[in-house]
Structures are given as C-alpha cells and as structure tokens.
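The values are calculated or read from the model by the stated rules, or taken from the named source; none is laboratory data. Note that the coordinates shown come from a computational prediction; the quantities given were computed from them, not determined experimentally. Reconstructed Cβ throughout: ideal geometry from the backbone, glycine too, with neighbour counts over all protein chains shown. Side chains are part of the model used for accessible areas, which takes the heavy atoms of the whole protein and leaves out ligands, DNA and RNA. Shrake-Rupley method; radii C 1.70, N 1.55, O 1.52, S 1.80 Å.
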Amino acid sequence: MSHLRSSVWKLWENPIFRRYCRSRLRLRELSVALLLSVLIAGFIVGLVSSIGVRSHETPVDAARTGVIPLLVLQGLILFVLGTAQVAGGMTAERDEGVIDYQRLIPMSPLSKVLGYLFGLPIREYVVFFATLPFTAWSLWRGQVAWTVWLPLYAVVASSALLSHFTGL
C-alpha cells in the first residue's frame, strides 16, 4: 500500500502521463508551438521596449509595461489552450471507450487523475515554460519585487490547475 502512495507522485512513471508525453511532445508539433509562442513573446518584449524608448520612458518603466501582455499570452496558453486540450481529450477518451478500459487498470484513482491532468495539456505547459524567460527578463529589467510576482504566479498556477480540473 505504501508503494502505491509513493508512486502516485512519481509522475514520470505514470503510464497515462507518459502516453500523452509521447503523443503530444512530438518534435514537429512541439516545435511549431514553441516557435509561435517564442516569436510572440519576443515580439511583445521588443515592441514594448522600442515603444518605451520612443516615448522617452525609463528602461524600468518600459520593461514593466511588457509584463501584462506577457501574462495575457501565458493566460491564453494555459487557460484557453490547456483547458480546451483537457476537456477535448477527456471527451475523446470517453467516446473511444478508453475511460472504461482505464477503470480496469490497477492504478489508484488519484494516479489516473494526475496522469490526465498533467498529461493532456503537457504541450501547453512546455510552451508556457518557454515564455517564462521573457517574463523573467521583463521582471528583472522592470525591477519588480519578488513579493509582487511570486503571489501573482502562484494564483496563475493554482487557477490553471482549477481550470484543468474543470475540463476533466
């Protein structure tokens, strides 16, 4: 019994999670998604910096201006695309009868839920993490205190999980 409890949190050993990692992190689809998100995030940072220079803002204020558009981009990735992937994936699994098959597998319900919760939107998580260097640069350059951005991103992460749970 203790083996089952300890293995629940070893997500990399979860067969459902590994299945979606293999299918959703294929090089072609992942590279397109990463390229688009990095281009958009880079465009946001570059545009905000150039507008700040042209409008004679300080570099600190110009960098701070880019934090909100980056947060909107990250929200679209996590909340819209991620939740749509979870809801659509669960609907497809139910229609194909895989959910009934999963009930017969000797895994705890928590393991199954965690496999779907983190496996279905894995590409969106990777794309979100690819935008974080741009956000980190804007926060560092804008001299935003960690006491401001840490609670903000804690709310974003917990809200994204809640949204994905709703999709489940």
(request) Output the qualifying pairs, or none if there are none: Cβ atoms under 7 angstrom, residues six or more apart or on different chains, first residue in the range 116-133 and small (Gly, Ala, Ser), second residue assigned to a helix (DSSP H, G or I) and open to solvent by less than 20 Å² (accessible area, probe 1.4 Å). (result) Gly119/Ile16; Gly119/Tyr20; Ala130/Ser37
(request) Examine the range 126-137 for a residue that is more than 22 Å from Trp9 (Cβ to Cβ), surrounded by fewer than 16 Cβ atoms within 10 Å (Cβ to Cβ), among the aliphatic types (A, V, I, L, M) and under 11 Å from the mean Cα position of the chain (by Cα), and state whether such a residue exists. (result) yes
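Considering Ser138, Ser163, Ser108, which residue is modelled with pLDDT of 90 or more and in contact with a Lys or Arg (Cβ under 9 Å, 6 or more places away or on another chain)?
None of the other options fit; the residue is Ser138.
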(request) Return yes when Tyr153 is open to solvent by less than 30 Å² (accessible area, probe 1.4 Å) and not aliphatic (A, V, I, L, M) and no when it is not. (result) no
(request) Considering each residue of the range 26-70, count those that are surrounded by 13 or more Cβ atoms within 10 Å (Cβ to Cβ) and outside any helix (DSSP H, G or I), and give that number. (result) 2
(request) Kindly provide the set of residues from the range 129-168 that are β-branched (Val, Ile, Thr) and not in a helix (DSSP H, G or I), ordered by number. (result) Val144
(message) Conditions first: (1) in a helix (DSSP H, G or I); (2) farther than 30 Å from Gly142 by Cβ; (3) open to solvent by 30 Å² or more (accessible area, probe 1.4 Å). Met107 passes all but one, so which condition is the exception?
(response) (1)
